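Structure, as structure tokens:
The values are calculated or read from the model by the stated rules, or taken from the named source; none is laboratory data. Computed from a predicted model, the values in this text were never measured in an experiment. Cβ coordinates were reconstructed from backbone atoms using ideal geometry, including for glycine residues, and neighbour counts include every protein chain displayed. To get the accessible areas, we keep the full protein, side chains included, count just its heavy atoms, and leave off ligands, DNA and RNA. Shrake-Rupley method; radii C 1.70, N 1.55, O 1.52, S 1.80 Å.
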Amino acid sequence: MMIRKLTKISTLKVRWELRPLSSLTQTSQNIFDRNAKRLQKERAALSKDVGLYDYLKEEVGFRLADRVFDIKREFKAAADIGCSRGYLSKHILAESVEHLTLTDTSAAMLEQAQGTPGLQMLKLVKDEEELDFEDNSLDLVISSLSLHWVNDLPGCFAKIKRSLKPDGVFIASMFGGDTLYELRSSLQLAELERKGGISPHISPFTQIRDIGSLLNRAGFTMLTIDTDELVIGYPSMFELMWDLKGMAENNAAFNRPAHLSRETMLAASAIYQELYNKPNEKGIPATFQIIYFVGWKPGPNQPQPLERGSGEVSLKDLGSIIEKGGKLDTKSLN
């Protein structure tokens, strides 16, 4: 009986229907409330002591601008996506960039953004998810600690790639998945103990392993991705959460809880202190994982890999070549 069944199944004809890729629509799940994030940024920008909370984004903006200077090229047209209060533009020199377009969802933050002497700037209130730059119009696109709030990150990368000229470069930074892991776990443990479940009090972040795949999917080449961790000390968990609000980095997920009880907050603070406080040190540490990445739009002047099989030296001979001072003995190859 088993043989007969297998024979019958093997004679079935299967019809495959092939459709072009253009007919397959790509959808993205909206995790973040973009309007709530805009309001958070507006409130932070209108605060009298807004400058007190710039320390983290100032440092990351400086480090990202240094990567722009590493490229020995003068960029005619560039865009800063999600510029906030100008953490990048204040470090971009006119010798490197001739014209810089600043975009952000918050008009108040955009107004406070400043540039360096001689740098031509244009400010536009524009959402990172609704970029509409002309195709092949930009030489450089930069973004610092803004893209982690974008719902459709693959679509955003694709729009940036289309706006770049051939051999244009995209340089950006964003928070990684290990950011605020101490705060996340402390809140989860406190809520699990008291309510028997957990709520998403910390917004999700992109893992570093996914950045390369997203950039490749968008069509970028010659990728460079690295990560850095900034550990900042705070007196307690409450000062950390207050500073996050001042940075406009508080939770903006659609499924965020509307209320966090006082009892849970006090318990989370005690758990944070117990689990992560370093011996002989006061306060608590907070980890911010920063992902830096560089991607290039393909161009005719970029270096291309050689054809397969065109190599003249085997890797097994690499040791002897190094011993000879890097000199290649062409006679032994013939």
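Listed conditions (1) modelled with pLDDT of 95 or more; (2) closer than 30 Å to W242 by Cα; (3) open to solvent by 10 Å² or more (accessible area, probe 1.4 Å) are all met by S173, apart from (3). Inside the range 71-120, residues that are out of contact with any Ser or Thr (no Cβ under 8 Å at 6 or more places or on another chain), farther than 18 Å from W296 by Cβ, in a loop (DSSP other than H, G, I, E, B) and open to solvent by 30 Å² or more (accessible area, probe 1.4 Å) make up a count of 4. On the basis of being open to solvent by 100 Å² or more (accessible area, probe 1.4 Å), in contact with a strand residue (DSSP E or B) (Cβ under 8 Å, 6 or more places away or on another chain) and part of a loop (DSSP other than H, G, I, E, B), does P305 make the cut? When the stated conditions are applied, P305 does not pass them. Can you confirm whether L215 is surrounded by 20 or more Cβ atoms within 10 Å (Cβ to Cβ), more than 18 Å from F157 (Cα to Cα) and touching a Phe, Trp or Tyr at 6+ places or on another chain (Cβ under 9 Å)? For L215, the condition - surrounded by 20 or more Cβ atoms within 10 Å (Cβ to Cβ), more than 18 Å from F157 (Cα to Cα) and touching a Phe, Trp or Tyr at 6+ places or on another chain (Cβ under 9 Å) - is not met. Filtered by the rule that a residue be in contact with a Phe, Trp or Tyr (Cβ under 9 Å, 6 or more places away or on another chain) and either assigned to a loop (DSSP other than H, G, I, E, B) or modelled with pLDDT under 95 (or both), the range 127-146 gives E128, L145. Suppose we keep only residues that are modelled with pLDDT of 75 or more and among the basic types (K, R) within the range 283-334. Which one would you say is nearest to L214 (Cα to Cα)? Ranking the qualifying residues of the range 283-334, first place goes to K297. Annotation note: Cβ proximity below 6 Å between a residue of the range 116-128 that is touching a residue at least 12 places away in the same chain (Cβ under 8 Å) and a residue that is surrounded by fewer than 17 Cβ atoms within 10 Å (Cβ to Cβ) and not aromatic (F, W, Y) (sequence gap 6+ or interchain) occurs for T116/L93; G118/A94; L119/A94; Q120/H99; V125/A107.
Kindly provide the set of residues from the range 25-70 that are in contact (Cβ under 8 Å) with a residue 24 or more places away in the chain, part of a loop (DSSP other than H, G, I, E, B), among the charged types (D, E, K, R) and within 18 Å of E239 (Cα to Cα), ordered by number. Result: D49, D54. Of the numbered criteria (1) closer than 22 Å to S143 by Cβ; (2) assigned to a helix (DSSP H, G or I); (3) open to solvent by 20 Å² or more (accessible area, probe 1.4 Å), the one L244 fails is (3).
Table: residues versus (1) outside any loop (DSSP other than H, G, I, E, B); (2) out of contact with any Phe, Trp or Tyr (no Cβ under 8 Å at 6 or more places or on another chain); (3) within 30 Å of S261 (Cα to Cα).
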| site | (1), (2), (3) |
| --- | --- |
| N151 | no, no, yes |
| G155 | yes, yes, no |
| A158 | yes, yes, no |
| S185 | yes, yes, yes |
| E193 | yes, yes, yes |
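Of all residues in the range 168-217, those being under 27 Å from M265 (Cβ atoms) and of a type outside the set (S, T, Y) number 25. Using the structure shown, decide if A258 is among the hydrophobic types (A, V, I, L, M, F, W, C) and either touching a residue at least 60 places away in the same chain (Cβ under 8 Å) or closer than 20 Å to E128 by Cβ (or both). No; evaluated as a whole, the condition is false for this residue. Kindly indicate whether S163 is of a type in the set (S, T, Y) and in contact with a helix residue (DSSP H, G or I) (Cβ under 9 Å, 6 or more places away or on another chain). So S163 fails the test. The listed residues are A267, A253, and the only one of them that is over 17 Å from T179 (Cβ atoms), hydrophobic (A, V, I, L, M, F, W, C) and open to solvent by less than 40 Å² (accessible area, probe 1.4 Å) turns out to be A267.
Return the only residue of P298, P285 being assigned to a loop (DSSP other than H, G, I, E, B) and surrounded by 10 or more Cβ atoms within 10 Å (Cβ to Cβ). It is P298.
Residue-wise test of (1) without any contact (Cβ under 8 Å) to a residue 40 or more places away in the chain; (2) crowded, with 21+ Cβ neighbours inside 10 Å.
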{"position": "I160", "(1), (2)": "no, yes"}
{"position": "D167", "(1), (2)": "no, no"}
{"position": "R194", "(1), (2)": "no, no"}
{"position": "I198", "(1), (2)": "yes, no"}
{"position": "Q207", "(1), (2)": "yes, no"}
{"position": "G219", "(1), (2)": "no, no"}
{"position": "T224", "(1), (2)": "no, no"}
{"position": "D228", "(1), (2)": "no, no"}
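Among residues of the range 280-292 that are over 21 Å from I202 (Cα atoms), those with a beta-carbon under 6 Å from a residue that is not in a loop (DSSP other than H, G, I, E, B) at least six positions away or on a different chain give the pairs Y292/S173; Y292/D226.
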